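Working notes for the structure below.
The values are calculated or read from the model by the stated rules, or taken from the named source; none is laboratory data. Quick caveat, the model's predicted, so the values are computed rather than measured. Cβ atoms come from the backbone with ideal geometry, glycine included; neighbour counts cover every protein chain shown. Surface accessibility is based on the protein's heavy atoms, side chains included, excluding ligands, DNA and RNA. Shrake-Rupley method; radii C 1.70, N 1.55, O 1.52, S 1.80 Å.
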Amino acid sequence: MQPTELKTDVLVIGGGIGGCRAALRALEKGCDVLLAEKAVIGRAGPMTFVHSQFAPWRLTDDEKLLWMREFVEASNYLADQEWLDVLLTEAPDRIEELVQLGVPYERDAEGRLKYTTSRGHKVGKTINVDGKIVMEILRRELRRQGVTLLEKVMMTDLLTSDGRYPTGGEVIGAVGFHIRTGEPLVIRAKAVILNTGPLYPKIHFSYVDGVTGEGHRMAFHVGAELAGMEFTQYASWSYWEDKFSTPGQAKIQGIGARFINAQGEEFMWRYDPEWGNLSSLYRVARGIITENMEGRGPCYVDFRHCAEEDIEMLLRVVPTLALALKEFDIDIRTRPLKTTPFMAIGMGTSGGVRVDTWSRTTVPGLYAVGTVTCLPVIMSGNSGSGHSTFSNVGGYRAGEDAARWAKRIRHMPKPVSAQLRDILAETFAPLTRRGPIRPSDVWAAVGEVTCETSFALLKDAKRIEQTRRAVRAIGEQLLRRVSAPDPHELTKALEARSYVEMVELCCLAYDVRQESRGEHFRADFPYRDDVQWLRWVVLRKGADGEVMVSTPSVPFDRYPIRPERRERIPSPFPIPGS
Ligand SMILES: Cc1cc2nc3c(=O)[nH]c(=O)nc-3n(C[C@H](O)[C@H](O)[C@H](O)COP(=O)(O)OP(=O)(O)OC[C@H]3O[C@@H](n4cnc5c(N)ncnc54)[C@H](O)[C@@H]3O)c2cc1C
C-alpha cells in the first residue's frame with residue numbers, strides 16, 4: 001500500500017491529557033495541529049483511570065517551599081526542583097482552565113473544589129474526578145476548536161532531517177499506520193510532541209493496555225536522552241479477591257484505608273514508619289509479599305473505619321471499582337478486600353524521555369509530555385497524583401514552545417527517502433512473514449522472565465544480567481520471526497517490539513544504579529546511598545548504535561532544597577538467606 005502523506009505545523013502523538021493540552025495550546029498560538037492517537041480519546045489510555053489530581057492553589061512563597069519540600073523528600077531528593085517550581089506556579093491556572101471547560105471536580109457543601117489527601121501527600125492536596133470525563137471533555141474541545149484528529153492511528157517511527165538515527169539534525173515528522181485498515185501514513189511536521197504514555201507490559205493482572213513504550217523507543221532512536229529507567233519497577237496491589245483488578249490505589253490510600261494481615265495487624269508501619277498506609281505502591285506491594293512469605297498472609301485492604309462520605313466519593317471517582325464490587329456482590333463497608341500484589345517492568349515512578357521545563361527533549365524539534373517522560377518532578381518519588389498535573393502543565397508548555405519552534409521554520413521539511421523506505425519495510429515486515437510465532441508468544445515470554453519474583457524483589461548484578469540476556473534472546477529469537485496476519489496483530493507485534501527494546505534499557509539502568517532507592521531495590525546494595533547516588537542515570541543512543549550512559553549529579557547548588565546529611569540508609573526489607 002502506498003503511504004498517505006499529510007503535513008502539519010505541529011504533530012502530537014498520543015492523546016492523553018498532556019497531548020490534548022499541547023494540541024490546544026499550539027492551535028491557540030496559530031499553528032495547524034494534527035493529533036494521532038492509537039485508540040479513541042476518552043475510551044482508552046491510562047488517563048481514563050485517573051481519579052485524583054495534585055492540585056496546588058495559588059501558594060504563598062512559604063507554602064510553595066513547604067509543598068516543594070514534600071515532593072523533594074518523597075522523591076528521595078532526585079526531583080528536578082526547577083520543574084517543580086513551574087508545576088507549583090502554573091498548575092492553578094491549568095486546573096482553572098479545565099474547570100472552565102466543564103470538568104466536574106468533586107465539590108464541598110459550599111460548592112468549592114473539595115481538596116483531599118492522596119498517597120505520598122501530607123501537605124499537598126488533590127482534587128477528584130473520573131479521568132474518563134476529563135478526556136471526553138478534552139476530545140470535544142479538540143474537535144470544536146479544529147485540531148485534526150486521527151484516531152486508531154499508531155505512530156511507530158520519527159523522521160529526521162538528515163535521515164539518520166541518532167540524528168545530528170532535527171525531527172521533521174513521523175510514520176505510522178491505521179490499526180484497522182493498515183494504511184501507512186507519513187506525517188511531515190515542523191515539530192513533534194510525544195504523549196504516548198508510560199511503559200507498561202500487556203500481561204494478565206494489568207488493566208493497562210496499549211501504552212507499551214513506542215514514544216520511548218522513537219525518542220531513543222533519534223538520540224534523545226532517557227532518564228530514570230531504573231525506576232521502572234511497577235508494583236500494584238489492586239488485584240482483588242483473586243478475581244478482578246481495578247484502578248484507584250492512590251484514592252484508596254487517600255481515604256485512609258488500612259493494610260492488614262491475616263491476624264488483623266496493620267503492618268505497613270513496619271516497612272515505612274513515616275508514611276505507613278500512605279506509602280508508595282512499591283513499598284506496599286513489597287510489604288504484602290513479605291507478610292505472605294513470612295506466614296502472616298493473606299493480606300487485606302480494610303475500609304470498615306472509613307467515613308461513608310469518603311467511600312461514596314471513592315466509588316464515584318473510580319467507577320470501575322464500584323462496578324466490580326457490585327458484580328461480585330462485595331460491600332467494602334462491612335468486610336476487608338483480599339489483595340494480591342504483582343510486579344512487572346513498567347513505569348513505577350519514572351522512566352522516560354528527559355525534558356527541560358519547556359518539555360523540550362535533547363533533540364531539536366522533539367518534545368515529550370506526561371508519563372512518556374522521566375517525570376522529572378517525581379523521579380523515584382511517591383506522589384499518588386502528581387502525574388496528571390505534570391502532564392497538564394507540561395502539555396500546555398510543550399504546545400506553546402512547539403508553536404514558537406514551528407513558526408521559525410519557513411519550509412515544510414521533506415523526509416529522506418532511504419530512511420522512509422527502511423522504516424516502512426521494517427514496520428510492515430510481520431505482515432509478510434509466515435510462521436507460528438505471534439505477538440502473544442512474545443508477551444508471554446517476556447512476562448515470564450521479568451515478573452519472576454526473585455528478579456522483581458531481589459535484583460542483583462547476576463540476576464539483572466541474566467534477565468537482560470533473556471530479554472535480548474526474546475528480541476532476537478521471537479520478535480524477528482513474529483508474524484501478523486492483519487493490522488490488528490501488527491499493532492501488537494510493534495507494541496511488543498517497543499516494550500522488549502525498552503526493557504533491555506531498563507536492565508542496563510538497574511545495573512548502573514548500585515544502591516536501593518524508591519522502586520529500585522538491589523539485593524547486593526540494600527541501602528539508599530546518598531554519598532554516591534544523588535545522581536540521575538541518563539541513557540542515550542550513540543553514533544554506532546551503542547548505549548551511552550552518564551550519571552550527572554543532581555545540581556543542588558541551583559536548588560532551594562538540599563539533603564541535610566549524606567549517608568547510607570538501610571532498606572527495611574529482609575533479604576531471605578542473608
Ligand atoms: C491504573 C492507573 C491509575 C492512575 N491513577 C492516577 C491518578 O489518580 N492520578 C494521576 O495523576 N495519575 C494517575 N495515573 C498515572 C496516569 O497514567 C497519568 O497521570 C495520566 O495518564 C497522564 O497522561 P498522559 O498525558 O501521560 O497520557 P496517557 O493517559 O498515558 O495517554 C497516552 C496516550 O497515548 C496513546 N498512544 C500510545 N502509543 C501510541 C502510539 N504509538 N501512537 C499513537 N498513540 C499512542 C495511548 O493510546 C494513550 O491514549 C494512573 C495510572 C494508572 C495506570
Out of residues 5 or more away from Val547 or on other chains, whose amide H comes under 5 Å of its own, with H placed 1.01 Å from N in the peptide plane? Gly542
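Just the number, please: Stokes-Einstein D of the stretch 1-154 in µm²/s, Kirkwood Rh from C-alpha pairs, 25 °C, 0.890 mPa s. Each step should come with its number before you reach the end.
Working: Rh = 17.2 Å.
Roughly 143 µm²/s, to the nearest whole number.
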Label point distance in nm, Glu274-Ser417, each placed 7 Å from Cα along Cα→Cβ: 6.0 nm
The summed charge of the Arg139 Cβ neighbourhood (under 10 Å; Lys/Arg +1, Asp/Glu -1) stands at 0
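Once fully extended, how much extra length lies between Ser553 and Glu266, figured as 0.36 nm per residue of separation less the alpha-carbon to alpha-carbon distance? Spell out each step's value before the answer.
On the way: separation 287, 0.36 × 287 = 103.32 nm, distance 3.80 nm.
Going from the current span to full extension adds 99.5 nm.
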Considering all projection directions equally, how large on average is the shadow of the alpha-carbon convex hull of the chain, in square nanometres? 25.3 nm²
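Counting pairs of alpha carbon atoms under 8 Å apart in space and at least six apart in sequence, what relative contact order in percent does the chain give?
Working: 1326 pairs, mean separation 120.7, N = 578.
Over the chain, the number comes to 21 percent.
Could you state the accessible area per residue of the chain in Å², with a 1.4 Å probe and every protein chain left in place? Mind showing how you got there, number by number?
Numbers: 21870 Å² over 578 residues.
Computed with neighbouring chains in place, this is 38 Å² per residue.
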What are the principal axis extents of the Cα atoms in the stretch 430-526, in Å, biggest first? 47, 19, 19
Could you give the angle, 0 to 90 degrees to the nearest 10, between helix 61-74's Cα long axis and the longest principal axis of the Cα atoms of the chain? 90 degrees
Quick check: at a probe of 1.4 Å, how many percent of the accessible area of the chain sits on carbon and sulfur atoms? 49 percent
Pair Ala543, Ile409: separation of 7 Å Cα→Cβ label points (nm): 2.4 nm
In this model, which of Lys38/Lys243; Lys132/Lys152; Lys243/Lys492 are farther than 23 Å apart at the alpha-carbon? Lys38/Lys243; Lys243/Lys492
